[in-house]
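The values are calculated or read from the model by the stated rules, or taken from the named source; none is laboratory data. Bear in mind the structure is a predicted one, so any value in this text is a computation, not a measurement. Every residue, glycine among them, receives a Cβ derived from its backbone with ideal geometry; neighbour counts consider all protein chains shown. Ligands, DNA and RNA are stripped out before the accessible areas are found, and what is left, the full protein with its side chains, is counted by its heavy atoms. Shrake-Rupley method; radii C 1.70, N 1.55, O 1.52, S 1.80 Å.
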Amino acid sequence: MTRELGAAMRRIQAGNALGAFGLGFTVPYLYVYVAQVRDLGASTAGVVLAVFAMAALVVLPFTGRIIDRRGPLPVLVSGAVLASAGALAMGFSGSVPTAVMSAALLGAGTAVMQPALATMIVWCSTAATRTRAFATQFFLANLGLGVGGLVGGQIVDQDRPGSFTLLFAIEAVMFLVLAGMAASVRLPRPAAFAVSALSKDSKDTDAAGRAGGGVRALLRHRAMVQLLGLGFVVFFACYGQFESGLAAYGTEAAGIDPSTLGVALAANTAVIVIAQFVVLRLVERRSRTRVIAAVGLIWTVAWIVAGYAGLGHGSTTMATAAFISTYALFGLGEAMLAPTVAPLVADLAPTSMVGQYNSAFALVKQLALAVGPAVGGPMGASLHGPYIVTFVLFSLGITVLALRLGRRLTPAQDRPSPVSASRVVARRLPEGAEKAEPVRTRPVPERVG
């Protein structure tokens, strides 16, 4: 069984990397493509980006129940095919209606793939291997996005629309490859794994499981509701600012050259890729909520450094270095979150609701990514001091919310590795005999692809 899990996990992770590679080809250039290459204007480009985000908000509320009823595999394959059709259509879009429709297909397809992929990783991992599996997923996704963006940048030519069509065609092919690799995976039956084994002592989880699923059942799970609130703040204070408020603040307040934004994003990706598995060794045996709380403190420092870049009246060189350091510090925090938050969602979920829990978290993430630019963009462009103060407070809020969440989790949920590091085997004694001491055996390492 362990070999089968390892083979399935390797295929899932490889498909995840190829899908991210395809997205990296086009996402950085979508605005330029619609507004300038197709000459549809900045307002149309804004509508296209909004539709891309809103499509996710429309489909995600229904995705979880479908995953739990039909399994994640058909949802992932359907989402990949839908995204492929949207990418290919976008490559040939020459009018406003076709561009908007293509964005809707692409946004909906990529959105449903997230919880489906997360659920497949849960099914193909155990409590002991899940942390490393999600860290690997995050690492490969960022590596794929970074490499895709670099390669795509060498292909695109604003004066040749055909170069952009080629990018979207490559993206469409990558999604189909992802669908093919996923379809070849032999998923284990979810009943074979105690997905909620770590939460068996949680009254909230038991109540959600007995309720039979649905939004009401999830909302009765207080620990999960707190995690959703924490997730919203995390994505709002970091990811929701990368290409909107923080970029506007850097160019307006700090006088950063626009080309430096690309260098800062590259620094962010480089830190994630370099630090991911070093960080993993440090955090996988520590309290998850304390690791998340530490991320809040790191991001507080990041925002203070950003404040110096724009408000410190230093040289342009110092401001540029500080701004790039801000993105690097964000990357360090992201590397710490990858092996903590997603596995925690899986370990809180009752066995019958893994898809719904993953979809709910993906929905909260998407809401934060939609609200973040709307709030941060105008503030970063004009209200420089209040912008920094606001997000310093949000980062400190991450620390507070994480520590509060830790009080509601069981020890096995908050620190799973020591619990799963040994196996307890009870001796069977004749009836009436004195209860034996448990025998602890050495753990058998399990390999995840």
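Being crowded, with 21+ Cβ neighbours inside 10 Å and under 20 Å from the mean Cα position of the chain (by Cα), is that true of even one residue in segment 83-97? Yes: one or more hits.
Residue count for segment 404-413, restricted to those that are in a helix (DSSP H, G or I) and within 17 Å of Glu284 (Cα to Cα): 4. Here the condition is being β-branched (Val, Ile, Thr) and at pLDDT below 90; of Thr326, Thr351, Thr300, Thr289, it holds for Thr351 alone.
In segment 173-189, what residues are hydrophobic (A, V, I, L, M, F, W, C), open to solvent by 20 Å² or more (accessible area, probe 1.4 Å) and not in a helix (DSSP H, G or I)?
Here is the first cut: in segment 173-189, the ones hydrophobic (A, V, I, L, M, F, W, C) are 173-179, 181-183, 185, 187.
Subsequent filtering for residues that are open to solvent by 20 Å² or more (accessible area, probe 1.4 Å) retains 173-174, 176-177, 181, 183, 187.
Across segment 173-189, the qualifying residue is only Leu187.
Of the residues making up segment 128-175, those that are under 21 Å from the mean Cα position of the chain (by Cα) and among the hydroxyl-bearing types (Ser, Thr, Tyr) are Thr129, Thr131, Thr136.
Considering segment 51-82, the residues that are touching a residue at least 24 places away in the same chain (Cβ under 8 Å) and over 24 Å from Leu176 (Cβ atoms) include one that is surrounded by the fewest Cβ atoms within 10 Å (Cβ to Cβ), namely Pro61.
So, Phe139, is that one touching a residue at least 40 places away in the same chain (Cβ under 8 Å) and either of a type in the set (Phe, Trp, Tyr) or in contact with a Phe, Trp or Tyr (Cβ under 8 Å, 6 or more places away or on another chain) (or both) or not? Walk me through how you get there before you give the answer.
On the way: touching a residue at least 40 places away in the same chain (Cβ under 8 Å): yes; either of a type in the set (Phe, Trp, Tyr) or in contact with a Phe, Trp or Tyr (Cβ under 8 Å, 6 or more places away or on another chain) (or both): yes.
Yes: the conditions hold for Phe139.
Taken together, Gly245, Gly250, Gly240, Gly213 contain a single residue that is on the phi > 0 side of the Ramachandran plot and either at pLDDT 80 or above or touching a helix residue (DSSP H, G or I) at 6+ places or on another chain (Cβ under 6 Å) (or both), which is Gly213. Any residue at all in segment 43-53 that is aliphatic (A, V, I, L, M), under 30 Å from Pro343 (Cβ atoms) and assigned to a helix (DSSP H, G or I)? Yes: one or more hits.
Here is a check on your reading of the model: is Ala127 modelled with pLDDT under 90 and part of a loop (DSSP other than H, G, I, E, B)? Answer is yes for this residue.
Quick check on my filter: what residues within segment 318-354 are more than 15 Å from the chain's Cα centre (by Cα), over 24 Å from Ala248 (Cβ atoms) and of a type outside the set (A, V, I, L, M)? Passing the criteria: Asp347, Pro350, Thr351, Ser352.
Rundown of residues vs (1) closer than 19 Å to Pro339 by Cβ; (2) touching a helix residue (DSSP H, G or I) at 6+ places or on another chain (Cβ under 9 Å); (3) open to solvent by less than 30 Å² (accessible area, probe 1.4 Å), yes/no style:
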| position | (1), (2), (3) |
| --- | --- |
| Thr129 | yes, yes, yes |
| Ala133 | yes, yes, yes |
| Val147 | no, yes, no |
| Thr165 | no, yes, yes |
| Glu171 | no, yes, yes |
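Residues in segment 98-118 that are open to solvent by less than 30 Å² (accessible area, probe 1.4 Å), in contact with a Ser or Thr (Cβ under 9 Å, 6 or more places away or on another chain) and of a type in the set (Val, Ile, Thr): Val112 only. Applying the set (1) open to solvent by less than 10 Å² (accessible area, probe 1.4 Å); (2) closer than 22 Å to Val112 by Cα; (3) touching a helix residue (DSSP H, G or I) at 6+ places or on another chain (Cβ under 7 Å) to Val34 leaves exactly one unmet item: (2).
Within segment 240-258, residues that are touching a residue at least 12 places away in the same chain (Cβ under 8 Å) and over 30 Å from Ala362 (Cβ atoms) sit with their Cβ atoms under 9 Å from residues that are not in a helix (DSSP H, G or I) and not polar (S, T, N, Q), at 6+ positions apart or across chains, in these pairs: Ala254/Gly312. Cβ-Cβ contacts under 6 Å between residues 6 or more apart (or on different chains), taken from a first residue in segment 378-405 that is closer than 19 Å to Val301 by Cβ and in contact (Cβ under 8 Å) with a residue 60 or more places away in the chain to a second residue that is assigned to a helix (DSSP H, G or I) and open to solvent by 60 Å² or more (accessible area, probe 1.4 Å), are listed as Thr399/Leu297.
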